[in-house]
Amino acid sequence: MSYSVIVYRLCLEKLRSILGSGDAVLQREVETAYAQDICRNNEWFARQIEGGAPRLEEALAAVIHGKPLAARETSQCWYAAELLARYLGKRIGLGSLEGVSSFYLDEVGRLLTTALNIPPHLSFPAILDRAPPLSLPAPNGFPYVGYLTAKECGELSALLHNVDLEQLQGDRETVEGVDDYISLVETVAGKEDVVLFYY
């Protein structure tokens, strides 16, 4: 089954500063800007909401106002965090890495670490398995959330500079995924952080 990797370039510290800030003005702005997305999310999770999970706007309010969240609410709070990341940041297109299976991410990660010597913890799928970038309870299933700091992107960009993709031993799609990963880190190297959502 294919899922999507969605990436935003932003300042993680700025995103973190919103959590528990009580910023009601920002809350209203986000709700207004993404009203259709909130409606779609609530329709998608209608059964869970009937079972007591919060609506997305309720999870957004809880995240902004620092209200404690029950275990069953963790996924919705991370979808709320994605709304905040979208509001603060700019989405980066990932090409072949946008609609993918976990197996494909594993293959891209294997090529990055074995052929290009990328530190394993900074490759796929490890960047989606590291500790969450925000002080929220870890997601209970989807979405998986990962991040790379501006410094890490700079270090990776230096490692990957002048890579000859034609010399890589892998199928065409996996090599394309490596190329898209390189483009991601070079786009933000040393300038901004990135946060990734996989669902």
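Values for this structure:
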{"quantity": "Residues being within 21 Å of the chain's Cα centre (by Cα), under 16 Å from Gly141 (Cα atoms) and open to solvent by 30 Å² or more (accessible area, probe 1.4 Å) - total across the stretch 39-61", "calculated": "2"}
{"quantity": "Of all residues making up the stretch 155-185, the number that are surrounded by 16 or more Cβ atoms within 10 Å (Cβ to Cβ) and acidic (Asp, Glu)", "calculated": "4"}
{"quantity": "Residues that are at pLDDT 90 or above and either open to solvent by 40 Å² or more (accessible area, probe 1.4 Å) or of a type outside the set (A, V, I, L, M, F, W, C) (or both), drawn from the stretch 77-94", "calculated": "Tyr79, Glu82, Arg86, Tyr87, Leu88, Gly89, Lys90, Arg91"}
{"quantity": "Output for the stretch 110-154, where each listed residue is open to solvent by 60 Å² or more (accessible area, probe 1.4 Å), free of Cβ contacts under 8 Å to residues at least 24 places away in the same chain and either among the hydrophobic types (A, V, I, L, M, F, W, C) or closer than 28 Å to Ile64 by Cα (or both)", "calculated": "Asp129, Ala131"}
{"quantity": "Close pairs from the stretch 185-199: first farther than 11 Å from Thr149 by Cβ, partner assigned to a loop (DSSP other than H, G, I, E, B) and open to solvent by less than 30 Å² (accessible area, probe 1.4 Å), Cβ under 8 Å, at least 6 apart", "calculated": "Phe197/Pro143; Tyr198/Pro143; Tyr199/Pro143"}
{"quantity": "Every residue from the stretch 186-199 that is open to solvent by 10 Å² or more (accessible area, probe 1.4 Å) and outside any strand (DSSP E or B)", "calculated": "Glu186, Thr187, Ala189, Gly190, Lys191, Glu192, Tyr199"}
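Yes/no matrix, rows are residues, columns are (1) closer than 24 Å to Ser157 by Cβ; (2) touching a Leu at 6+ places or on another chain (Cβ under 8 Å):
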{"position": "Val5", "(1), (2)": "yes, yes"}
{"position": "Gly22", "(1), (2)": "no, no"}
{"position": "Asn42", "(1), (2)": "no, yes"}
{"position": "Ala62", "(1), (2)": "no, yes"}
{"position": "Lys67", "(1), (2)": "no, no"}
{"position": "Glu73", "(1), (2)": "no, no"}
{"position": "Gly99", "(1), (2)": "no, no"}
{"position": "Leu111", "(1), (2)": "yes, yes"}
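The values are calculated or read from the model by the stated rules, or taken from the named source; none is laboratory data. For clarity, every value in this text was computed on a predicted model and none was experimentally measured. A quick note on method: Cβ atoms are made from the backbone with ideal geometry, for glycine too, and the neighbour counts reach across all protein chains shown. Note: areas computed on protein heavy atoms with side chains; ligands, DNA, RNA excluded. Shrake-Rupley method; radii C 1.70, N 1.55, O 1.52, S 1.80 Å.
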